[in-house]
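Working notes, structure below.
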Amino acid sequence: MNFEIKSSDIVKQKTDCLVLSIWQGKTQSQQVQDFDQLTNNTIANLITAGDFSGKLGETLVLYNVANIAAKKVLLVGFGERKSNPIENVDKIAKSIANLLTLLNSKQLVISLAHLNKTNSYGFVKRFVETMTYHSYRFDEFQSTKAPVIKTENIQFSIVDKTLIAPAELGLKHGLAVANAVSATRTLANQPSNVCNAQFLADKAKELNQHFNTLKISYYDEKALAKLGMNAYLAVGQGSQNESIMTVIEYQGAKDKNAAPIVLVGKGLTFDSGGISIKPAAGMDEMKYDMCGAATVYGVMQAVAELNLPINVVGVMAGCENMPGTGAYRPGDILTTMSGKTVEVINTDAEGRLVLCDVLTFVERFKPEAVIDIATLTGACIVALGHHYTGVMGNHSQLVDQLLTASNQANDKAWQLPLDNDFQEQIKSTCADIMNSSGRDGGTITAACFLSHFTHNYHWAHLDIAGTAWVSGGKKGATGRPVAMLIQYLLEQSR
Ligand code: BES
Ligand code: MN
Ligand code: ZN
């Protein structure tokens, strides 16, 4: 789908389909009033007859409207006039995307008569993101493909010329986010027999072919061992697939030595639980345990696409947790890269073991901030459900910046307390700390574990166990929290 912005006279414009936004109630935009005057009160009549009310997300297709150049006119309900259009955009874009699978319209002109200075950037950005989200299909492995949208070209028509520039910027940012979310979803949706740590590394290599601003390096098991990343290595010991850490470096700042923002993604391409094996029901979904790494991949793509004037490093910590002959066991004591020792209580608490070594490794970048993204704890789903990403950290300004970005990007996140009182729960009798401590406050004790390895920089942790994918009938990766992180990086680029 190609998007563009134009200032045009919508009644005269030849197109397959013209989309008009209709408010609930009697008062309509000037554009709708003009439309009605030319067309014998088409819309007013529909409203009076009770056939269309303008309720948010409502749709109606009209054919052969007299005096209108478009072949079809699609009416979309925009809800109450006083409501904020940006808050309504998700429902509107979703309705249009769903309807477009049924309509045979190659081009679409969407009239945006209701925009003003404060909302045109945000409306266009969110519209592109939501349309793309709902048009996304993952049918690589299906012989019967899901119905696709036939629309190739979508034009936003804006009356007020002063709104074109902010709308253009909204389009540019929206496209970068939309493409990144789709890229993350497609990577995350790959099954574990396709997507292993090597696959993640190959994907990074491919990204590098599109954007030569990215520098890629790899650390296989031999390299990880040389660095002393024994906790990371222990997790992958039971798997036939090699553990590989992939590092993607982007230098966009004028000052090449400016401290980078580092993103660390948990990349468990499958998490069986290891010797502390998981129950069979729902275990298939553990192919999504690499959503943190997939998020890093998507965000790095957007950073390169937008040429952001900052330095960013993305790390994908690729690994597989399996109960093989060589597998690590409960009771093992691991010496991490930092020198701290960890008693393994549960081999299913593997994410923190992989991450702790990577968090030590990234010290070498002398980061401005480190953000890790991980499907870390089932407890996060108990605490925040599937709507909010959990946020914790050791620096309140960084946490606040992420929460603000999450609000702006409509990619919800909520802070949990990273309180020292919880540290008691992970004290070990035979090592420095242990990797698991039972059910209570599981998301926080996991973050407490990570906090032992982040003393030397500002750090935030995003637990995306509840938000990175949808279970059940509509099973699939969501691409969260890509939008929030790109928003954060856009703010850091100002
Ligand atoms: N990848 C899982 C967390 C997870 C579980 C994400 C369910 C999404 C849905 C993680 O590696 C894990 O197994 N965590 C354990 C930790 C426990 C053993 C302390 C958990 O949450 O049960
Ligand atoms: Mn696990
Ligand atoms: Zn896991």
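The values are calculated or read from the model by the stated rules, or taken from the named source; none is laboratory data. Computed from a predicted structure; not experimentally measured. We place every Cβ from the backbone using ideal geometry, glycine too, and count neighbours over all the protein chains shown. For accessibility, only protein heavy atoms count, side chains too; no ligands or nucleic acids. Shrake-Rupley method; radii C 1.70, N 1.55, O 1.52, S 1.80 Å.
How large is the convex hull of the Cα atoms of segment 101-174 per residue, expressed in Å³ as a whole number?
Details: hull volume 7.1 nm³, N = 74.
Cα-based convex hull of segment 101-174, divided per residue, equals 95 Å³.
Please compare each pair in K14/K161; K82/K117; K94/K125; K94/K474; K222/K427; K6/K203 to a cut-off of 26 Å on the Cα-Cα distance and tell me which ones are over it. Could the numbers behind the result be given before it?
Details: K14/K161 20 Å; K82/K117 16 Å; K94/K125 14 Å; K94/K474 16 Å; K222/K427 31 Å; K6/K203 36 Å.
Over 26 Å Cα-Cα: K222/K427; K6/K203.
Show me the three semi-axes of the equivalent ellipsoid for segment 2-178, from the C-alpha gyration tensor (sqrt of 5 times each eigenvalue), largest first, rounded to whole Å. Let's see the in-between values first.
Working: eigenvalues 121, 78, 49 Å².
Listed largest to smallest, the semi-axes of segment 2-178 are 25, 20, 16 Å.
Which percent of the accessible area of the chain is formed by carbon and sulfur heavy atoms (probe 1.4 angstrom)?
Details: 10260 of 20580 Å².
Ligands and nucleic acids excluded, carbon and sulfur give 50 percent.
Can you tell me the relative contact order of segment 302-430? Whole percent, Cα pairs under 8 Å, sequence separation 6 or more.
With pairs under 8 Å counted, the relative contact order is 16 percent.
Express the accessible area of segment 2-178 per residue in Å², computed with a 1.4 Å probe while the remaining protein chains stay in the model. All intermediate terms of the calculation are to be shown ahead of the outcome.
Details: 8420 Å² over 177 residues.
I get 48 Å² per residue for this part.
What's log10 of I(q)/I(0) for segment 366-434 at q = 0.19, 0.23 Å⁻¹, Debye sum over Cα points only, no solvent?
With no solvent term, the Cα-only Debye profile gives -0.92, -1.16.
Scan around A413 for amide H atoms under 5 Å from its own, H built in the peptide plane at 1.01 Å from N, and keep only partners 5 or more places away or cross-chain.
Placed amide hydrogens put T389 under 5 Å from A413.
Given H placed 1.01 Å from N in the peptide plane, which residues other than close sequence neighbours of T151 have an amide H under 5 Å from its amide H?
For T151, whose amide H was placed from the backbone, the distant partners under 5 Å are S105.
Tell me which residues come under 5 Å, amide H to amide H, from H458 once H is placed; ignore anything under 5 positions away on its chain.
Answer set, sorted by chain and number: V370.
If you place +1 on the Cβ of every Lys and Arg and -1 on the Cβ of every Asp and Glu, how big does the dipole about the Cα centre of the chain come out, in debye to the nearest 20?
On the way: 43 positive and 46 negative charges, 286 e Å.
Magnitude of the dipole: close to 1380 debye.
Once you keep just the Cα pairs under 8 angstrom separated by 6 or more residues, what percentage relative contact order results for the chain? Working shown, then result.
Details: 1119 pairs, mean separation 66.7, N = 494.
About 14 percent, as a whole number.
Shape verdict for segment 338-383, please, from the Cα gyration tensor: rounded (a/c under 1.5), prolate (a/b greater than b/c) or oblate.
Working: a/c = 3.39, a/b = 1.35, b/c = 2.51.
Oblate, since a/c reaches 1.5 and b/c is not below a/b.
Can you give me the angle between helix 482-492 and the longest principal axis of the chain, using Cα atoms only, in degrees from 0 to 90, rounded to the nearest 10?
90 degrees
Among G273, G442, G252, which residue has its Cα furthest toward the positive end of the charge dipole of the chain, with +1 on Lys/Arg Cβ and -1 on Asp/Glu Cβ?
Of the listed residues, the answer is G252.
Sorted by average packing, counted as other Cβ atoms within 10 angstrom per residue and highest first, what order do 30-43, 338-351, 49-62 take?
Packing order, densest peptide first, comes out as 338-351, 30-43, 49-62.
Once fully extended, how much extra length lies between A146 and K475, figured as 0.36 nm per residue of separation less the alpha-carbon to alpha-carbon distance? Intermediate results must be reported in sequence, preceding the final value.
Working: separation 329, 0.36 × 329 = 118.44 nm, distance 1.44 nm.
Additional length available on full extension: 117.0 nm.
Among 12-18, 281-287, 170-176, how do they line up from the highest to the lowest mean number of other beta-carbon atoms within 10 Å? Mind showing how you got there, number by number?
Numbers: 12-18: 18.3, 281-287: 14.4, 170-176: 21.7.
So the order, starting with the most tightly packed, is 170-176, 12-18, 281-287.
Between helix 85-100 and the chain, what is the angle of the helix's C-alpha long axis to the longest principal axis, kept within 0 to 90° and rounded to the nearest 10?
Rounded to the nearest ten degrees, it is 80.
Quick one: ranking K475, K254 by accessible area, 1.4 Å probe, largest first, what do you get?
On the way: K475 85, K254 205 Å².
Sorted by accessible area, descending: K254, K475.
Using the Karplus curve 6.51 cos²θ - 1.76 cosθ + 1.60 with θ = phi - 60°, what ³J(HN,Hα) values do you get for each residue of segment 225-238, in whole Hz, with x for Gly and Pro?
The phi angles translate into 5, 4, 7, x, 8, 6, 5, 4, 4, 4, 4, x, 4, x Hz.
Does anything in segment 382-420 have its amide N under 19 Å from the 7 Å Cα→Cβ label point of N84, and if so which residues?
388-389, 400-415
Using mean Cβ contacts within 10 Å as the protection proxy, how do 434-441, 158-165 order, highest first?
Numbers: 434-441: 17.9, 158-165: 15.1.
Descending mean neighbour count gives 434-441, 158-165.
What shape does segment 397-494 take by its C-alpha gyration tensor, where a ≥ b ≥ c are the square roots of the eigenvalues and a/c under 1.5 counts as rounded, a/b above b/c as prolate, and the rest as oblate?
Numbers: a/c = 2.71, a/b = 1.43, b/c = 1.89.
Verdict is oblate for segment 397-494.
Across every pair of different alpha-carbon atoms, what Kirkwood hydrodynamic radius in Å does the chain reach? Please report the intermediate quantities before stating the final value.
On the way: mean 1/r = 0.0417 Å⁻¹.
Hydrodynamic radius (Kirkwood, Cα only) of the chain equals 24.0 Å.
Test of the criteria: in segment 115-173, which chymotrypsin sites (Phe, Trp or Tyr not before Pro) are in a DSSP loop and have at most 14 other Cβ atoms within 10 angstrom of their Cβ? Present the calculation step by step, with values, prior to reporting the outcome.
Details: sites: Y121, F123, F127, Y133, Y136, F138, F141, F156; in loops: Y136, F138, F141.
The qualifying sites are F141.
Give, as ranges by residue number, the residues of segment 98-126 whose backbone N falls under 11 Å from the point 7 Å along Cα→Cβ of V61.
Label zone hits: 99-106.
Can you give the relative contact order of segment 2-178 as a percent, counting alpha carbon pairs under 8 Å and 6+ residues apart?
Working: 335 pairs, mean separation 54.8, N = 177.
About 31 percent, as a whole number.
In degrees between 0 and 90, to the nearest 10, how far off the longest principal axis of the chain does helix 351-361 point, with axes built from Cα atoms?
Approximately 80 degrees, to the nearest ten.
With θ taken as phi - 60° and the coefficients 6.51, -1.76 and 1.60, list the Karplus ³J(HN,Hα) couplings across segment 103-110 in order, rounded to whole Hz; mark glycine and proline as x.
8, 9, 10, 6, 10, 9, 10, 9
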